[in-house]
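Notes follow once the structure below has been shown.
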């Protein structure tokens with residue numbers, strides 16, 4: 001599975017705040033935020049549901065990954081999606097780092113990706 005997802009019992013705005021707080025506890029900061037609802041409205045005049053992509057970075061993890069493989073930066077930052085479905089339910093999805101590095105065939109990166117996955121699972125677990 002290329003993502004780890006969880007439906008939460010918070011509204012969209014509360015979920016973004018909670019995700020950001022939980023990421024901080026794991027050493028991540030949100031360095032990018034893409035509001036697709038707003039972007040689609042402005043750029044292509046399309047009405048879309050609440051959908052935001054948060055780009056999260058843990059500098060320690062990023063540094064370690066780049067020391068292992070300097071091309072792994074193509075996978076950075078870690079993307080987290082917060083979306084509100086048409087039924088009103090809010091879902092949080094995070095990229096599965098193990099799936100991202102699987103095709104690199106580097107045991108060091110595989111072990112590292114498992115460590116990052118555990119961190120993301122803790123974030124989801126606290127939502």
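The values are calculated or read from the model by the stated rules, or taken from the named source; none is laboratory data. Bear in mind that the values here come from a model prediction, so they are computed numbers and not experimental data. Quick reminder, even Gly has a Cβ in these numbers, built from the backbone with ideal geometry, and neighbours come from all protein chains shown.
Brief remarks follow.
- Among the residues of segment 69-100, those that are farther than 14 Å from residue 54 by Cα, touching a helix residue (DSSP H, G or I) at 6+ places or on another chain (Cβ under 7 Å) and part of a loop (DSSP other than H, G, I, E, B) comprise 69, 96.
- The set of residues from segment 39-77 being exposed (fewer than 11 other Cβ atoms within 10 Å of the Cβ), within 25 Å of residue 7 (Cβ to Cβ) and at pLDDT below 95 is empty.
- Only a single item in (1) surrounded by 13 or more Cβ atoms within 10 Å (Cβ to Cβ); (2) touching a residue at least 60 places away in the same chain (Cβ under 8 Å); (3) over 18 Å from residue 23 (Cβ atoms) is not met by residue 98, and it is number (2).
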